[in-house]
Structure formats: structure tokens, C-alpha cells
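Below: the structure, in C-alpha cells.
The values are calculated or read from the model by the stated rules, or taken from the named source; none is laboratory data. All values reported here derive from a predicted model rather than from experimental measurement. Every residue, glycine as well, gets a Cβ built from its backbone with ideal geometry; the counts of neighbours run over all protein chains shown. When the accessible area is computed, the model is the full protein with side chains, heavy atoms only, and any ligands, DNA or RNA have been set aside. Shrake-Rupley method; radii C 1.70, N 1.55, O 1.52, S 1.80 Å.
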Amino acid sequence: MASKKVLAITGAEAAAYAMKQIEPDVVAAYPITPQTPIVEYFAKYVADGEVRTEMIPVESEHSAMSAVVGAAAAGARAMTATSAQGLALMHEIVYIAASMRLPIVMGVVNRALSAPINIHCDHSDAMSERDSGWIQLFCEDVQEVYDLTILAVKLAEHEDVRLPVMVNQDGFILSHGVEPVEVLPDEVVKKFVGSYKPIYPLLDTDHPVTYGALDLYDYYFEHKRQQIEAMKNVYRIFPLVAEEFYKISGRRYNYVEPYKMENAEFVIVALGSSNGTIKDVVDELRSEGKKVGLLKIWMFRPFPKAEIQRYLTARKAVVVLDRAASFGAEAPLYEAVKSALYEVAVRPLMGSFVYGLGGRDLKPEHVRYAFERAMALDLVADREEYLGLRE
Amino acid sequence: MPLTMKKLAEIFTNREIGITQGHRMCPGCAAPMTVKMVLMTAKALGYEPIIGFATGCMEVSSTIFPYTSWSVPYIHNAFENVAATISGVETAYRALKKAGKIPPDKKYAFIAFGGDGGTYDIGLQALSGAIERGHKMLYVLYDNEGYMNTGNQRSGSTPPGADTTTAPVGKVVPGKLQLKKNIVEIVAGHEYVYAATVTPGEPMDFINKIEKALQFDGPAFIASLSPCVRYWRVDDDKAVDITKLAVQTKYWPLYEVDRGVYRVTRKPASFKPVADFIKIQGRFRLLLQRSDAEQILNELQQYVDRRWERLLAFEEATKDKPIR
Ligand SMILES: Cc1ncc(C[n+]2csc(CCOP(=O)(O)OP(=O)(O)O)c2C)c(N)n1
Ligand code: SF4
């Protein structure tokens, strides 16, 4: 294992630092709060000659995603980053990137979608790309931002995957919060990600290919099926990549992180930085002798259904915390967890709490309240409730 | 030896142009002609073309899976982003060259094609961004003055009075009211750019400008008037003739703007009235039936005359005064 070096950096800098060590061929990006510092840090690396990456300072996020699609199809390792409205503006091309099977890695600094305009964290941006065909990873802290950005490159480019990856970090909470981060030596990261071997690059004029053909009802469906299968391959490949990452870093990643789940009867499931707060509350409640636990979700797409089933079957109650709403339907994480639990032998009681929209704090007392409701078995599967909302 | 049509024909008797026959464009469409002339010129000059295409008639007709008409690398991304896409491809090339990952002796030509909708309207921002950033690419607009893939709707390029489905000639509204957007001026306003108009009806002028555009050390833009025989409602064998007429009537002047320096490349000894260009096309049939048709044609004549005079004045004023 490599020697340790710890930096006190923000999530944005951690993402940019990882990108610097990965040293992709092309980065195209456009600033948007709270993602802006990623572009700024990276532009400075380029300006100082610390990377050989060609940066395209595009005129919009739509062009950022379009340009990385062009660059990746040409045969380059390409990356970008965005937030909220920027991701929404990319939306059309986000689908195209995945459907062309281009292994692009994008940092998404989660932020609420307008209207009303709001620059703070929630997951409405990421959830709007839930079905786009991208692998979606969520980070609890700045260390994870750094680690998962590096890991994502190898996952995306694996020959059985060849899909783009979004590495989500909570806007401001992680992107602008300074934390100690153990970074790997440059050469270790370089060796881990290896050099990119493109498949069917446009620049190989001896073997010309057509990207983005017109695909009517006679083939489109079959192509979508291939994409579905590629996504399923992630279940097989992710553990291998995570194991390799463990070897260089000593840090283990998985689809989910069970926290104090031994004999836990009451479990919270959540995405992103709020897992830190929930862990504290779990510790407190455990010290009070309560059988509580946390199931943190690292990978939201593809959805780790088997792990969800394995960890949550036969628990007494499961509360899912969502940092996004789905208007006219159940909140996205809740819906997915509930659906997975339909198949288990002994279903837990379930509750859905939406919290933190537009950057509203999730306080320990909110988490404690959710656990108390679970412990009192006072949950109704069909009722969405809210934490920290004035009613 | 300079390229000529005869020379191109000789070179490509036994060599692939890059786009084959068998695409599903309408017989007589000018778009494949434009594309072929660009590809032939590029290849004859020793370039390896990499093609980006915006969504539109030519894109959907040439790549119906599992077939493709393209024997050169080709990418279609979406409707409005071909300029951004090709700028990514071009940047990848520079990055990979710097990293020593591609043969240094290969001479690539990064060529984006877009229709008028994908250029004047929805794609204008991406085009402007790519030109401003200075990517070494050639953007070729094939301008049929309508959205043909979706069935002849108005675009920012449709001339006034032309009948389209989204600006139809009705009892109250006489079709499209606005003048055609001047795309060359917009592009030329980016300053470090080579911009020119061409038509398939003037092939030597066309080839010369493509050559210049490819050799230009920065972004180049070529606007090709590209009749859609369906929408313009002319016979299948008339696309080329009508572009000649467009030049002779000042409807489509042939000129170039090289870093701010204007040069009119065809100055017909005598001009024909713009009505000649209008009257042979079915898309202006309803305009011509109006009681005020004569007056509208007069206004149009005055407009093209004024623009021509302006162009000559620009040529005089900018002579030997490149912006950079
Ligand atoms: C974002 C988006 N809006 C609308 C469309 C529908 N659309 C596809 S091609 C097209 C018109 C193309 O017109 P033009 O660029 O002039 O090319 P042509 O078909 O005339 O060759 C339209 C409106 C689309 N594909 N994408
Ligand atoms: S509809 Fe018009 S532009 Fe499209 S292929 Fe036919 S002639 Fe060409």
C-alpha cells in the first residue's frame, strides 16, 4: 500500500485533484454554483501545466456534454462536471452518452432544480437522470468524492461495462466543506486507471465507424436490451474494481455500506452526506441500547436490489430518507427500496421521509424522530412525511 | 496543379468519396452534392475527413441502421450540437497527438454538417461557441431554407413569402413575414474565422473555397445554398440550375469573409430580376397569387440590390485590412 498523504480540502477540490491525477485527455466544462470550483481548480492545473489535459471552456453545459461525447467517441478519456440546471440542460445528451456506450465520468455536485431558483443541495438533479443509463454513485464525505472519482474511471471503462458514471457529491455540504482527505501518490492513481483503450475510435480512419445512426423499430429495442445487459454487468464488475481500489488505498467500497446492522431491528436507508449525521444518531441510540442501524447507498444506479433485500429482510421497520421528491408518486429512493422489499419473505414495516429540499438542514433530532417513529412501529407505507418542514 | 471538377472526377473514378450511393435522399436533392464536393476536395488534398452531422434530412437518410452510407468516420450526436461535438473530436485529436497516441503524420479534417435549422436556429449557440474558441474545424451549412426532416417548417433562413407548414400563407397572414437571417455576417462577426457562401451550381468557386477553408488555421464556415426539390417544388433535375439563378439574381451572392476582409468571388456581368428566382418555385405560388404580389417582388428586388451594393462597399472598405 502507498504511503499516506493527507490534505485538508473541499469536495470540489477533491474531485478536481482526482481529475488531475487521472489526467484525462479532454475536460469540457461550464461553471455553475456549487460545481464552479471544480472547473476553476482544474483550469488552474491546466494553466500551470500540471496536467496535459486539453480543456474546452464551452459556452454551456449542453455543449460540455456534447463535446465530451465527441471527444470520447474520438478515442479520448473525457470528463466533465456540473450541477442542477447544468445537468438539466445536458439532459438530452446525457442519454446519448450512455446510449453510445461512452465511458465518460462526470462529477455532479447535487443542487436543487428550479423553480424557485435555489443553489443549495438536494438530489432532484441526479434523480432526473435516474433512467438515463448512467451509473450513479453517491458520496458521504470528501474522501469518498476523491476515491469514487478515481474508481469510476476504471468502472466506466471496463470492457464489460462501457457506460458513463456520475459521481454525486452534496452541493456546499461536501463541495465547499473542508475535510481531511488521504490522497494517493500520482503514480499509483495513474497505474490504477491505466491508459485508456478506446473501442471504435473515430480517429481510427482505417476502420471507419458510424456513431448515432438512425435506429428504427427494427433494431432500437435490441440495442436498448444490450444497454440493459451492460448495466447488469456492473453488478459483476463493480466488486472487482472496488477490490482493486482497496488494494491501493485500504478503503473498501461496495454497493451499500451497512452501519451497525448486526441485529438491527430499525433501519434507515439514505444517500449522500446525511449518512454522516445518521451514523452519529445511530451511535447515540445504540449507546442507549436501541437496536438501530443504517444502510447507506453508495450506488443508486444500477440499483443494488440484492443487497437491499439481503440486508433489510425481516427487520422490524425500515425508514427511507429521500432528498428529492417525485411529484405525484413516491420519493425515488423509497420507491426503489419498497419495490425491492416486495419480494422478501418477511417484509419490514416501511416509512418514507423526505428531507433537506433546497439545502434545508437535516438535524440529528430529525433522524432521531424518524428512528423513534420506526421503533414505535408508527409508520404507514403509503404516507410520505417530511423532516424539518414548517407545516 | 489546382483542383478542377475534371480532376476530382478522375481521382474518384476508382476511389471512395466517403459517402456512397444508396442513401435515401430524394432524387435531385442538392444536399448530397454539397457533401460529396466537400469530401472529394478534402480527400483530394490529402485530408482524412471525420464527419459530424446535425439531425436533419441528410443525417436520417444516410445512416439507417444496419446500413450506413459513410465510409469515413461519422458521428451524429443531436440536432443542435454538431459544432460542439466536432469541437470535442478536434480537441481529442490535439490531446491524443500531444500524448503521442496517434500517428503524427495524419492530416485530419474535422467537418461538421448542419441544415439551416440546425445552424441558424437551434444550433447557433453551439456554433458560435465553437468558432469563438477557435477549433480548427470546417462547418458546412447546407441551406434548404426549411426544416425538411420534419416536413417543411419555417426556419430563420426561410425567405419571406415562402409557404411553410408553421408559417403558412393564410387568409390573414401572408406566410413568413421576416427576412432571412444573415448567417454569414453573424459568423464573420467572430472575427478570427473564414466564412464563405457557395453553391453546387458554381463548382469551381465551391472547391476553391473548401480548399481555402480547410487550409485556414482556425474555424471555417461554408454556407451552401442547397435546394430541396420537394419543398421548393421544382423538378428533380433543377437543383443545380436554380442555384445558378440564385447567384445571377443576387439572391445568393458568392463571397467570402477572411478575417474581416470581404471579397465577392462572382460578379456576374449582368443580373436577372429576383422575380425569375421566385417565379420558378412552387413554394412562392401563393405569394404570387396575392393582389400585392408585384409590390412584394419590387421590395424584394430593392432588398437584394441594396445588399449587393453593401457587399461591394464592404469589399472596398475592408481590402487589405484583416482584423488579425
Ligand atoms: C431538440 C430537438 N428539437 C427538435 C427536433 C426535431 N427535428 C429534427 S430535424 C429537424 C429539422 C431539421 O431541419 P434542418 O436543420 O434545416 O435540416 P434539414 O432536415 O432541412 O436537412 C427538427 C425540427 C430534434 N431532433 N431535436
Ligand atoms: S426532403 Fe428535401 S432536403 Fe430532404 S432529401 Fe428530399 S429534397 Fe433533400
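When the helix-only estimate is applied to chain A (DSSP H runs of n ≥ 4, each -39,500 (n - 2.57), divided by the residue count), what is the mean residue ellipticity at 222 nm, nearest 500 deg cm²/dmol?
-12500 deg cm²/dmol
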Highest GNM mean-square fluctuation among A:296, A:191, A:363, for chain A with Cα springs under 10 Å, belongs to A:191
Which of A:302, A:31, A:208 moves most in a GNM of chain A, Cα contacts under 10 Å? A:208
Sparsely packed GluC sites (Glu not before Pro) within the range B:1-65, loop by DSSP, other Cβ within 10 Å at most 16: B:16
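Would you mind calculating the relative contact order of chain A from Cα pairs under 8 angstrom and at least 6 residues apart, reporting the percent as a whole number?
16
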Of all the accessible heavy-atom surface of the protein assembly as shown, with the other protein chains kept in place and a 1.4 Å probe, what percent is carbon and sulfur? 54
Within the range B:168-241, report the chymotrypsin sites (Phe, Trp or Tyr not before Pro) that DSSP leaves as loop and that have at most 16 other Cβ atoms within 10 Å. B:192
May I ask you to give the solvent-accessible area per residue for the range B:212-324, in square angstrom, as obtained with a 1.4 angstrom probe? 49
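Compute the signed sum of charges (Lys and Arg +1, Asp and Glu -1) over the other residues within less than 13 Å, Cβ to Cβ, of residue A:202. Don't skip to the end; give the middle numbers.
Numbers: positive: B:106; negative: A:204, A:206, B:48, B:90.
It works out to a net charge of -3.
Other chains' Cβ within 10 Å of B:125-136 residues: what's the mean?
Other-chain Cβ atoms within 10 Å of each residue's Cβ, averaged: 3.
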Once the Cβ-Cβ distance between residue A:115 and residue A:176 is put in as r, and R0 is 30 Å, what FRET efficiency do you end up with, to the nearest 0.05? 0.80
The B/A contact buries a total accessible area, at probe radius 1.4 Å and rounded to the nearest 100 Å², of 3200
Could you give the dipole magnitude of the range A:265-391 about its Cα centre, charging the beta-carbon of Lys and Arg +1 and that of Asp and Glu -1, in debye to the nearest 20? 320
Note to self: with every protein chain in place and a 1.4 Å probe, the range B:56-122 gives an accessible area per residue in Å² of 28
Calculate how steeply helix B:124-133 sits against the longest principal axis of the alpha-carbon atoms of chain B, using the helix alpha-carbon long axis, and give the answer as 0 to 90 degrees to the nearest 10. 40
Residue-normalised accessible area of the range A:43-120, given per residue in Å² at a 1.4 Å probe: 29
Which lysines, if any, have their Cα less than 26 Å from the Cα of residue B:106, not counting same-chain residues under 8 positions apart? A:197, B:7, B:36, B:43, B:97, B:98, B:136, B:209, B:212
Computed about the Cα centre, the charge dipole of the protein assembly as shown from +1 Lys/Arg and -1 Asp/Glu charges at the Cβ has a magnitude in debye, to the nearest 20, of 1180
In degrees, nearest 10, the alpha-carbon axis of helix B:239-248 is tilted away from the dominant principal axis of the alpha carbons of chain B by 70
Cα-Cα over 19 Å, subset of A:290/A:316; B:6/B:250; A:4/A:190; A:4/A:44: B:6/B:250; A:4/A:44
Rounded to whole Å and sorted largest first, list the principal axis extents of the Cα atoms in the range A:290-391. 38, 31, 24
Rounded to the nearest 10 degrees, what's the angle between the helix B:293-318 long axis and the longest principal axis of chain B, both from Cα atoms, 0 to 90? 40
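Counting Lys and Arg as +1 and Asp and Glu as -1, what is the net charge of the other residues whose Cβ lies under 9 Å from the Cβ of residue A:281? Write down the numbers at each step before the final one.
Numbers: positive: A:279, A:368; negative: A:280, A:283, A:284, A:365.
Taking every Cβ under 9 Å from that of residue A:281, the sum is -2.
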Per residue of B:93-106, what is the mean number of Cβ atoms on other protein chains within 10 angstrom of that residue's Cβ? 5
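What is the mean number of Cβ atoms from other protein chains located within 10 Å of the Cβ atom of each residue in peptide B:64-75, rounded to a whole number?
Mean number of neighbouring Cβ atoms from other chains: 6.
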For chain A, the dipole about the Cα centre with charges only on Cβ (Lys and Arg +1, Asp and Glu -1), to the nearest 20 debye, works out at 920
At 1.4 Å probe size, with no ligands or nucleic acids counted, give the accessible surface of residue A:204 in Å², nearest ten. 50
Please find the FRET efficiency linking residue B:107 to residue A:260, where r is the Cβ-Cβ separation and R0 is fixed at 45 Å, and quote it to the nearest 0.05. 0.10
In a Gaussian network model of chain A with springs linking alpha carbons closer than 10 Å, the residue among A:115, A:78, A:126 that fluctuates most is A:115
Sequence ranges A:263-271, A:320-328, ranked by mean other-Cβ count within 10 angstrom, highest first: A:263-271, A:320-328
With a 10 Å radius around each residue's Cβ, average the other Cβ atoms per peptide and rank B:177-187, A:42-52, B:275-285, highest first. B:275-285, B:177-187, A:42-52
Nearest 5 percent is fine: what portion of the DSSP beta bridges confined to chain B is antiparallel? 30
